[in-house]
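Computed from the coordinates by the stated procedures, all read-outs in this text should not be read as laboratory data. Please read these numbers as outputs of a predicted model, since none were measured by experiment. Cβ placement follows ideal geometry from the backbone for every residue including glycine, while neighbour counts extend to all protein chains displayed.
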Amino acid sequence: MKYSYRVEQAIRAAAILHKDQVRKGAQALPYVTHLFAVATIASDYTDEEDVIIAALLHDTIEDTDYTPEELQADFGGPVKDMVLAVSEPLLPEGRAHDWHLKKKTYIKQLKKAPIGSLIVAAADKIHNMRCVVEEYYDAHDKFVADFGGSLEDRVLLYQEISNILNRRLENEILSEFNYVFDEYKKFIDHVQKEAEKF
């Protein structure tokens with residue numbers, strides 16, 4: 001990752017905006033570890049400063065009080081557009097916890113997202129899937145308890161994301177994404193088989 005004044009500002013913004021948040025998982029790590037990991041993965045595949053900044057800030061609209069207007073004022077329109085494209089929507093009260101609707105909207109956004117957003121999305125999912133496989137490799141029950149929901153739905157969601165990335169994105173990050181997705185599917189298959197024994 002190339003260091004610059006704007007990247008430094010994005011690092012500071014991410015650290016401040018997510019300061020009280022922890023990462024869901026076997027260990028309650030500060031949430032910024034995920035943001036730095038996503039930016040680092042993205043920087044392996046692009047030198048575009050705006051994409052790296054979007055990677056650092058990709059969860060700010062979704063998970064903090066930071067507004068799209070503030071994001072644009074601080075980092076510009078292209079960064080705002082990339083972040084919005086990978087942000088799950090805020091749903092009206094009563095549907096705020098509708099997992100399927102959030103994911104369907106996310107998929108719809110990816111279909112027309114800027115290419116930089118697709119790199120951020122790929123890096124984000126690579127880190128999420130890799131963490132799940134590594135942290136819960138021998139702790140299937142804990143994975144189900146921590147994440148809940150339908151395992152099949154999770155794989156189907158990632159498959160839809162994979163289809164979009166493989167159709168729209170021409171970048172070497174696809175090889176890593178596809179490899180990690182294969183490992184993730186094997187992990188989910190093991191979890192399902194383990195559950196079927198009981």
Which labelled figure in (i) 43; (ii) 17; (iii) 13 is percent of Cα pairs over 32 Å apart, once derived from the coordinates
(iii)
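Name the chymotrypsin sites (Phe, Trp or Tyr not before Pro) in region 1-53 that are in a loop by DSSP and that have at most 11 other C-beta atoms within 10 Å, would you?
Numbers: sites: Tyr3, Tyr5, Tyr31, Phe36, Tyr45; in loops: Tyr3, Tyr31, Tyr45.
When the chymotrypsin sites (Phe, Trp or Tyr not before Pro) of region 1-53 are filtered for loop state and at most 11 Cβ neighbours within 10 Å, Tyr3 remain.
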Could you give each residue of region 150-155 its phi-based ³J(HN,Hα) in whole Hz, using Karplus coefficients 6.51, -1.76, 1.60 with θ = phi - 60°, and x for Gly or Pro?
7, 5, 4, 4, 5, 5
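Please state the relative contact order of the chain as a whole percent: Cα pairs under 8 Å, 6+ residues apart? Walk me through the numbers before you get to the answer.
Values: 207 pairs, mean separation 39.5, N = 198.
Reported relative contact order: 20 percent.
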Amide H of Val22: which non-local residues (sequence gap of 5 or more, or other chain) have their own amide H closer than 5 Å, using H built in the peptide plane?
Tyr31
Which aspartates and glutamates, on any chain, are close to Lys186 with Cα under 14 Å apart, when same-chain ones fewer than 8 places away are left out?
Glu134, Asp138, Glu152, Glu194
Among Arg168, Arg130, Arg23, which one shows the highest mean-square fluctuation when the chain is modelled as a Gaussian network with alpha-carbon springs under 10 Å?
Arg23
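Please give the calculated 222 nm ellipticity per residue for the chain, where each DSSP H segment of at least 4 residues contributes -39500 (n - 2.57) and the sum is spread over every residue; nearest 500 deg cm²/dmol?
Counting only the DSSP helices, I get -22000 deg cm²/dmol.
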Expressed in nanometres to one decimal, the distance between label points 7 Å along Cα→Cβ at Thr33 and Asp63 is 1.2 nm
Picking from Leu71, Leu156, Leu169, which is most flexible by a Gaussian network model of the chain using Cα springs under 10 Å?
Leu156
Between region 72-145 and region 162-195, what is the separation of their alpha carbon centroids in Å?
15 Å
For Arg12 and Asn163, calculate 0.36 nm times their separation in residues minus their Cα-Cα distance, and state this gained length in nm to one decimal.
51.0 nm
To the nearest 10 degrees, how steep is helix 99-111 against the longest Cα principal axis of the chain, on a 0 to 90 scale?
50 degrees
For region 1-157, what is the charge dipole size about the Cα centre, in debye to the nearest 20, if Lys and Arg each add +1 at the Cβ and Asp and Glu each add -1 at the Cβ?
320 debye
Just to confirm the number: angle between the C-alpha axis of helix 173-196 and the first principal axis of the chain, 0 to 90 degrees, nearest 10?
30 degrees
If the cut-off is 23 Å between C-alpha atoms, which lysines fall inside it for Lys80, apart from same-chain ones fewer than 8 positions away?
Lys2, Lys19, Lys102, Lys103, Lys104, Lys108, Lys111, Lys112, Lys125
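Quick one: net charge around Ser162, please, counting Lys, Arg +1 and Asp, Glu -1 for every other residue with C-beta under 14 Å from its C-beta.
Values: positive: Lys103, Lys111, Lys125, Arg154, Arg167, Arg168, Lys185; negative: Asp124, Glu160, Glu176, Asp182, Glu183.
Neighbour charge sum, excluding Ser162 itself: +2.
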In degrees between 0 and 90, to the nearest 10, how far off the longest principal axis of the chain does helix 32-43 point, with axes built from Cα atoms?
80 degrees
For a quick check, take a GNM of the chain with Cα springs below 10 Å and name the residue from Ala28, Ala39, Ala54 with the largest mean-square fluctuation.
Ala28
